[in-house]
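What follows is a set of notes on a single structure, which appears directly below.
The values are calculated or read from the model by the stated rules, or taken from the named source; none is laboratory data. What you see is a predicted model, and the numbers here were worked out from it, not measured in a lab. Neighbour counts run over all protein chains shown; Cβ positions are idealised from the backbone, glycine included. Remember, those area values only see protein heavy atoms, side chains included, never the ligands or the DNA or RNA. Shrake-Rupley method; radii C 1.70, N 1.55, O 1.52, S 1.80 Å.
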Amino acid sequence: QVQLAESGGGLVQAGGSLRLACIASGRPLSTYAVGWFRQAPGKAREFVAHISGSGGTTYYADSMKGRFTISRDNPKNTVYLQMNSLRPEDTAVYSCAAAQYIFMTYYLPASYGYWGQGTQVTVSS
């Protein structure tokens, strides 16, 4: 079984940048597709980005395109989320999730069987 842990969250001003990391242990991360999700207070969990096991395919939510970049370093068992041009509405708890098999429902939380505990990102105006 794979275990996931996020790091890199914090407090930044609007227009700033952060890089989140999702670090896996227990199993090689190269065998899993990975997604990033976020949840703001009072709102449902929202899809952010997805990357295939090889790193050859990526998907982004519309509001994140051009601002966020997902990447992976399989020898380090790590997936990154580079976040630029941050806005106050990006404030949320960001979580990574892994799936060994996935079809075309990469945007659904139920498609992922393994989750980290999340890291808080706060963007001030």
Self-check item: Extended-chain gain in nm, criterion 0.36 nm per residue less alpha-carbon gap, Ser71 and Gln1
Solution: 23.0 nm
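In Å², and per residue, what accessible area does the chain have when probed at 1.4 Å with the other protein chains present? Present the calculation step by step, with values, prior to reporting the outcome.
On the way: 6390 Å² over 125 residues.
With all protein chains present, the chain gives 51 Å² per residue.
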Quiz item: Between Thr91 and residues 5 or more places away or on another chain, which pairs have amide H atoms under 5 Å apart, with H built 1.01 Å from N, and which residues are they?
Solution: Val123
Quiz prompt | Förster-model FRET efficiency, 35 Å R0, Phe103 and Gln82, C-beta, rounded to 0.05 | solution = 0.85
Exercise. Determine the distance separating the Cα centre of the stretch 62-125 from the Cα centre of the stretch 24-58; give it in Å without decimals.
Key: 5 Å
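Highest mean first, how do 94-106, 8-20, 25-37 rank when packing is the count of other Cβ atoms within 10 Å averaged over residues? Write out the running numbers ahead of the final one.
Details: 94-106: 17.5, 8-20: 14.5, 25-37: 19.5.
Sorting 94-106, 8-20, 25-37 by mean packing, highest first, produces 25-37, 94-106, 8-20.
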Self-check item: Test item: Cα-centred dipole of the chain, Lys/Arg +1 and Asp/Glu -1 on Cβ, debye
Solution: 80 debye
Practice problem: In nm, give the distance between the simple-model label positions of Ala61 and Thr31, each being 7 Å from the Cα along the Cα-to-Cβ direction. | Solution: 3.0 nm
